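Structure, as structure tokens:
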Amino acid sequence: MNSNVSVFISYSHDTAEHREFILLLANRLRGDGLDCQIDQYVKGFPSEGWQRWMEAQIERADFVLIVCTPLYLQRYRGQAPDGGRGVNFEGVVISQTLYDHYYRNAKFIPVIPEHGNLDDVPLPLKSYTTYVLPRDYTALYRLLTDQHATPAPEIGNMIYLPSETINGLALNISIAQEAVQVASYTNLPDAAIQSLVEQLQKRLSEEKRNNHNLSDLLERYRNDVVEWERKYRDAFVQNTTDLQKNPENPQLLAERQALQTGELEQAAQIRERYYQNLKRERTAEIGQGSIHGCRALAKRIQYAQSIGTLPGSRWIPA
């Protein structure tokens, strides 16, 4: 809120009723805490003369209210030589001031009486808001005192919206609220998705508290989710293939159960044990000439170990 605001009212002496309207407006502004000045407040005449007084009032005022009427517009344009010359002079000062500031205006405010006409507003001021008084007094007062009725809220943090793919996990992430919500479906089971969401929310809180770069975190997380989903899909395909060959194998059945419930770390451990058992069985059966088969099996064991990086209940983002 702006206090100690000075206001000058520029108007023409149209009628006694119009003079009364101006006086009531000035009195109201002064009663509401603004230093409003009009010529009616001067006793007799100013010692420096009306011309210098008007020029000084316009220069010192924070705002100049221009009360637009047909007569004011005529005198502003210098088209009423037989009338008072005050508005004529004020019009010159106002126009010159606007010209000097390349018509960037935050000082001269056009107003019209209740039954006035927008056509009475001088051309240089037509591009600015015109206030109808007394109807728009509150809106005008807000402007004069810098009290915005609808100030813009503070700009918050951007929400991270990764691109949605047919088989990809998309998340809506609000850094300000440290909230993560699933935005689209994925191949990952619900339990695994929930684990990912909880872990990311925890990590967001930690990174935010330590003022780390959250954009880098979210980008790494997005890339990790793509990699996790690929590994999960490969693990599920491999489990399905092996079950078709050996549908009664307890380890394969246990692995399928772990994959379906989202216990991906447990599934990777079962897969590794499954391959270790296969290795022992093959080693007992094959001879020296089947070293190639053992090497192939060793690669499959290494693959199972890589799947162990899938997100499980104890996963923490790198």
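Coordinate-derived values only; no laboratory data. Here the structure is a predicted model, which is why all the values come from computation and not from measurement. Cβ atoms come from the backbone with ideal geometry, glycine included; neighbour counts cover every protein chain shown.
Here the peptides 243-252, 52-61, 67-76 are ranked by packing, the mean other Cβ count within 10 Å, and the order with the highest first is 67-76, 52-61, 243-252.
How much of the pair distance distribution for the range 6-144 lies past 19 Å, counting alpha-carbon pairs only, in percent? Value for the range 6-144: 47 percent of Cα pairs lie more than 19 Å apart.
Working note: Karplus 6.51/-1.76/1.60 with θ = phi - 60° gives the range 104-113 the couplings 8, 10, 9, 10, 8, 10, x, 9, 9, x Hz, where Gly and Pro are set to x. Residues whose amide H comes within less than 5 Å of that of Cys36, counting only those at least five positions distant or on another chain, are Val7, Arg30 (H built at 1.01 Å from N in the peptide plane). Note on Lys279: aspartates and glutamates with a C-alpha under 16 Å away, same-chain residues under 8 apart excluded, are Asp242.
Between Glu20 and Leu118, the simple spin-label model (points 7 angstrom out along Cα→Cβ) gives 3.0 nm. Near Gln57: Cβ cut-off under 13 Å, other residues only, Lys/Arg at +1 and Asp/Glu at -1. The net charge is -4. Taking 0.36 nm per residue of separation and subtracting the current Cα-Cα distance, fully stretching the chain between Glu154 and Thr129 would add 6.4 nm. Across the range 271-276, rounded Karplus estimates of 3J(HN,Hα) from the backbone phi angles (6.51 cos²θ - 1.76 cosθ + 1.60, θ = phi - 60°) give 4, 5, 5, 4, 5, 5 Hz, Gly and Pro being marked x.
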